[in-house]
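Since the structure comes first, as structure tokens, the remarks are kept for the end.
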């Protein structure tokens, strides 16, 4: 993400034109913030995925957030398909991610509409 200098956090979340995003959302066992062990397991997985990306040039891990019954991990890179292909073997090995939602954000089309693809693990 390209930060701006105006201190407006909302605009800090907007991708640069040459950046694409990958968002992975995992449901918790409850509608709140999940159990402590669930959060720890998913935070650890996020760290492992971040380490995997350190060895490649396809992107980076932007962090996670949780609430509303979901744990969400954010990744960004220049080619979301390569980013997903790099992470996919590790994602498939994780039983905890079965049924998770993956959204590949490709930016916007010529009309300014978001281009994205949603997948289930």
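Nothing in this text is a laboratory measurement; each read-out follows from the coordinates by a stated rule. Keep in mind that what you see is a predicted model, and the values were worked out from it rather than measured. Glycine gets a Cβ as well: all are built from the backbone with ideal geometry, and neighbour counts include every protein chain shown.
Quick notes on this structure:
- Complete set of residues in the range 45-78 that are farther than 23 Å from residue 108 by Cβ, surrounded by 15 or more Cβ atoms within 10 Å (Cβ to Cβ), in contact (Cβ under 8 Å) with a residue 24 or more places away in the chain and touching a helix residue (DSSP H, G or I) at 6+ places or on another chain (Cβ under 8 Å): 45, 49, 52, 53, 66, 71
- Residues (surrounded by 12 or more Cβ atoms within 10 Å (Cβ to Cβ), in contact with a strand residue (DSSP E or B) (Cβ under 8 Å, 6 or more places away or on another chain) and within 14 Å of residue 26 (Cβ to Cβ)) located in the range 79-121: 87, 91, 96, 97, 100, 101, 102, 103, 119, 121
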